[in-house]
1. Could you give me the residue pairs with C-beta distances under 6 Å whose first residue belongs to region 75-102 and is on the phi > 0 side of the Ramachandran plot, whose second residue is at pLDDT 90 or above wherever it lies, and which are 6+ apart or on separate chains?
2. Go through region 109-160 and give me each residue that's without any contact (Cβ under 8 Å) to a residue 40 or more places away in the chain, part of a strand (DSSP E or B) and either within 15 Å of the chain's Cα centre (by Cα) or surrounded by fewer than 13 Cβ atoms within 10 Å (Cβ to Cβ) (or both).
3. Can you find a residue in region 54-68 that is more than 14 Å from the chain's Cα centre (by Cα) and at pLDDT 90 or above?
4. From the residues in region 67-99 that are in contact with a helix residue (DSSP H, G or I) (Cβ under 9 Å, 6 or more places away or on another chain) and assigned to a strand (DSSP E or B), which one is surrounded by the fewest Cβ atoms within 10 Å (Cβ to Cβ)?
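The values are calculated or read from the model by the stated rules, or taken from the named source; none is laboratory data. Since this is a predicted model, take the numbers as computed values, not measurements. No Cβ is skipped: glycine too gets one built from the backbone with ideal geometry, and neighbour counts run over all protein chains shown.
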């Protein structure tokens with residue numbers, strides 16, 4: 001007695017397309033939201049302030065970051081004349097003091113004024129070319145130099161060291177003619 005030979009049949013093209021469609025649907029409905037949640041910017045600190053805002057595309061044109069309440073609350077304004085909106089991501093700028101240098105290269109504590117009856121503790125402009133306001137920030141036992149153009153922010157121990165970095169940075173920029 002001979003047994004019938006079973007033929008192995010593969011999937012049809014329509015069955016394969018249905019499986020691919022179902023897998024794609026599950027991915028787009030379920031997993032795409034997980035990726036978006038994971039791409040949240042890190043909290044703003046003096047060392048990552050500029051890079052975080054640039055990476056998050058929050059600064060695609062001129063923008064201004066303004067912080068109030070001893071730098072515990074920050075607002076971001078897109079464009080020159082837009083309205084300030086609460087910066088929703090984390091902020092680690094508490095008790096930050098901002099400094100600049102005057103025309104005699106003396107450190108000057110920045111006084112920005114008030115916004116809706118709250119004292120402004122930090123105000124930084126960001127420009128489309130990737131530059132920003134050059135500034136020195138101080139928090140507790142650390143100081144930070146945030147250059148306007150090139151280079152990364154630097155952490156130092158004192159605001160005097162940050163001032164020295166500012167002066168060296170300005171000297172490098174003013175010597176740009178030496179390269180031609």
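1. Matching pairs, first to second residue: 95/70.
2. 109, 114 - these are the residues of region 109-160 that are without any contact (Cβ under 8 Å) to a residue 40 or more places away in the chain, part of a strand (DSSP E or B) and either within 15 Å of the chain's Cα centre (by Cα) or surrounded by fewer than 13 Cβ atoms within 10 Å (Cβ to Cβ) (or both).
3. yes
4. Checking each candidate, the answer is 97.
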